[in-house]
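Notes follow once the structure below has been shown.
The values are calculated or read from the model by the stated rules, or taken from the named source; none is laboratory data. Bear in mind that the values here come from a model prediction, so they are computed numbers and not experimental data. Heads up, the Cβs are rebuilt from the backbone with ideal geometry, glycines too, and the neighbour counts pull from every protein chain shown.
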Amino acid sequence: MATAAAQGSLFRRPTATTGWWSWVTTVDHKRIGIMYCATALIFFVIGGLEALAIRTQLAVPNGAVLTAETYNQFFTMHGLTMIFLVVMPLGVGIMNYMAPLMIGARDVAFPRINAFSYWVFLMGGLFLYSSFFLGGAPDGGWFGYAPLSTELPGNGMTFYSLGLQILGVASLLGAVNFIVTILNMRAPGMTLMRMPVFIWMTLVTAFLLLFAIPVIAVALFELMFDRVYNANFFNPAGGGDPVLWQHLFWLFGHPEVYIMILPAMGIISDVLPTFSRKPIFGYAAIVFAGIAIGFMGWGVWAHHMFAVGLGPVANSAFALSTMFIAVPTGIKIFNWLGTMWKGDLHFNTPMLFAIGFVAMFIIGGLSGVTHAIVPHTAQQTDTYYVVAHFHYVLFGGAIFGLFAGIYYWWPKVFGKLLSEGIGKLHFWLMFIGFNLAFGPMHILGLEG
């Protein structure tokens, strides 16, 4: 009996509702969603400060703000932070809070695993940043290209390999949770084609995570073994292949782009109809376009590798697949424009961020289509043109969409409307500043 009582107390759902301990022990999807978003916004500030230091160093020739070693660490950690510690968890936080409410579920399918996923994510982020105090942060670029990443001195890239593994565990657990929740816990009568677009994009994102994370896990294990145990996965002198890292990384990396952008697409598919005062235009088309992006995203990874020398057949095949994936993306854009067309438009802060998303994503998408042209990409690889492209997709796209969701659902979460005046000031400062920072990079890159 004593054992049964002990087990009952151990596995009982936490009951604390007030104080900091209630947040530490919570398994409530709403609180976990808030913690994901709050943590991601803190990392957003840190990543922004790293970017500011990088741009200050580059503001004048031979800048002395950062040493070469520190610059490489800031450059690498900025990329890792914004991708793995900001955009992904912000999307997951909003999904965590809203998905069960939207489908009529009491909570996610596995509340304790949900809580575990958050704490693993937080520990992974702290583990990565602890490297600054333990011999140096990762300094081989956020993409970790071998053989440089296997040979750099210090422990930075070992922290990289282990830290991303930890974050991958959190992502996998969250993915399984969302898939089971959406497929098994919908309210009676909510068929798949009655689900909000945001729920569809959550489901597609979860499946992408489920299949993409194991790919990068393999690459990270091999990197760790090369660094720590002198294995030869990426060492040409030992029979390894450094291009293998690029294949594994980008086979994960391009679905990862859609893991970051699809939640934002789902958010603005909710925001635009609300502030256009009309239903989403072409619901089925926008849903199937999202599913198509999820499938086609697995067939375009080598467009990141057109300068590697894969040969004309592979380059041509991936050029075509990259052009084709623009089709479902274009369908979504026309759906959003069709939703706004002749609508009763209200330019509240969420609507401004949603329209900003569409505009910036079109620019980023068009520059992305140019990367489907092999000679163009061979020339522009490693230039500012690429930097401009992915910032227009991931900042002008994902971040703008996520902020649209934050402003849109803030009253739902906290019961208070945010200031429209400050919100619009926030939008215009971010919109103008973003374009001033990254727009000219297209020209810089094209000029070499």
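Among 174, 189, 168, which is free of Cβ contacts under 8 Å to residues at least 60 places away in the same chain and either under 19 Å from residue 121 (Cα atoms) or touching a strand residue (DSSP E or B) at 6+ places or on another chain (Cβ under 9 Å) (or both)?
Numbers: 174 fails: free of Cβ contacts under 8 Å to residues at least 60 places away in the same chain; 189 fails: either under 19 Å from residue 121 (Cα atoms) or touching a strand residue (DSSP E or B) at 6+ places or on another chain (Cβ under 9 Å) (or both).
Going through 174, 189, 168 in turn, just one is free of Cβ contacts under 8 Å to residues at least 60 places away in the same chain and either under 19 Å from residue 121 (Cα atoms) or touching a strand residue (DSSP E or B) at 6+ places or on another chain (Cβ under 9 Å) (or both): 168.
The set of residues from the range 184-213 being loosely packed, with under 13 Cβ neighbours inside 10 Å and in a helix (DSSP H, G or I) comprises 184, 192, 193, 194. Number of residues in the range 395-448 that are free of Cβ contacts under 8 Å to residues at least 12 places away in the same chain and among the aliphatic types (A, V, I, L, M): the value is 7. All conditions but one from (1) part of a helix (DSSP H, G or I); (2) buried (at least 21 other Cβ atoms within 10 Å of the Cβ); (3) at pLDDT below 95 apply to residue 228; the one that does not is (2). Within the range 380-404, count every residue that is over 13 Å from residue 442 (Cα atoms) and of a type outside the set (A, V, I, L, M, F, W, C). Summing the residues that are over 13 Å from residue 442 (Cα atoms) and of a type outside the set (A, V, I, L, M, F, W, C) in the range 380-404 gives 3. When restricted to residues that are of a type in the set (Gly, Ala, Ser), under 17 Å from residue 246 (Cα atoms) and surrounded by fewer than 20 Cβ atoms within 10 Å (Cβ to Cβ), the range 296-318 contains 5. I need the full set of residues from the range 399-429 which are farther than 14 Å from residue 271 by Cα and within 19 Å of the chain's Cα centre (by Cα), in order please. Hit for the range 399-429 is 399, nothing else. Among the residues of the range 344-379, those that are farther than 29 Å from residue 419 by Cα, among the small types (Gly, Ala, Ser) and touching a residue at least 40 places away in the same chain (Cβ under 8 Å) comprise 367, 368, 372, 378. Of the helices (runs of 4 or more DSSP H) lying entirely inside the range 258-367, those containing at least 2 residues that are of a type in the set (S, T, N, Q) are 312-324, 326-340.
Just one residue in the set 32, 42, 46 is part of a helix (DSSP H, G or I), among the β-branched types (Val, Ile, Thr), farther than 12 Å from residue 81 by Cβ and within 21 Å of the chain's Cα centre (by Cα); that residue is 32.
Which of the residues spanning the range 33-85 are of a type in the set (Val, Ile, Thr) and over 25 Å from residue 212 (Cα atoms)? Walk me through it before giving the result.
Here is the first cut: in the range 33-85, the residues of a type in the set (Val, Ile, Thr) are 34, 39, 42, 45-46, 54, 56, 60, 65, 67, 70, 76, 81, 83.
Across the range 33-85, the qualifying residues are 34, 42, 45, 46, 54, 56, 60, 65, 67, 70.
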